[in-house]
Amino acid sequence: MLTRLPLALLLAGLCTASSPSDGFAQTSPNATPSNGTPAKQDAAKVRARAFLSTDKLPAGGRTRVAVVLDVEPGWHINSNPAPTKYAVPTTIAVQTARGTTVGTFAYPTLPPATPGGPRRPVKELSGRVVLTAPITVPVEAAGANESLTVVVKYQACNANSCLRPKTLTFGGMLPVAAPGSPIRPANAEWFPTESERGDATRTAER
């Protein structure tokens, strides 16, 4: 069932956020968003936030978005691809209004089973999970505000059973830099370097 949530106008020191570490977050229907902190939902086993790797969107350029999922202790969600044909994979889609495109989100992987072999997918995700994707911004959006709506679909399971699949929807308004405006890095803690990527997003190996 799709849960529609109000937009939280909180992003990387822009809009109503107060510092570059603020993001935009999942909130409950009656909550007042503040500083990217998601409100508690009684039945939810997962909370979600999103952050940019820059302090604003670069017109005609690229940046990255990180979706941070906090899974309740004792529970896990499935990776993508899911471990079995009966399991529901976790998916993230991002909707925009001005032609900004978001690439494929990178899911955690394990080191090769044998030297030189391929990295292996993580079957289950638990604890804090950080998934990142590239963003490409059209030059025509310069000086405007871009709307990003993040849709996370997942199924939470514990050692005994799985709940029905859920959908989280949240987002924010993101200013696009005007021509000649400086673009500064932000939220480095959510964006591992190339050498750190893979293990850095994994909080559990199963």
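Every number in this text was worked out from the coordinates using simple rules, so none of it is lab data. Not measured: the values here are computed from a predicted model. We place every Cβ from the backbone using ideal geometry, glycine too, and count neighbours over all the protein chains shown.
Picking from T132, T101, T109, T91, which residue would you name as being surrounded by 17 or more Cβ atoms within 10 Å (Cβ to Cβ) and within 20 Å of F170 (Cβ to Cβ)?
T132
Anything in region 108-135 that is touching a Ser or Thr at 6+ places or on another chain (Cβ under 7 Å) and without any contact (Cβ under 8 Å) to a residue 40 or more places away in the chain? List them, or say none.
Keep residues of region 108-135 that are touching a Ser or Thr at 6+ places or on another chain (Cβ under 7 Å), which gives 108, 119-131, 133, 135.
Hit for region 108-135 is R120, nothing else.
If we keep just the residues of region 157-174 that are surrounded by fewer than 18 Cβ atoms within 10 Å (Cβ to Cβ) and not basic (K, R), which is farthest from G61 (Cα to Cα)?
If we take residues in region 157-174 being surrounded by fewer than 18 Cβ atoms within 10 Å (Cβ to Cβ) and not basic (K, R), then N160 is farthest from G61 (Cα to Cα).
Looking at (1) more than 15 Å from F105 (Cα to Cα); (2) touching a residue at least 24 places away in the same chain (Cβ under 8 Å); (3) surrounded by fewer than 16 Cβ atoms within 10 Å (Cβ to Cβ), which one does P81 not meet, given that it meets all the others?
The single condition P81 does not satisfy is (1).
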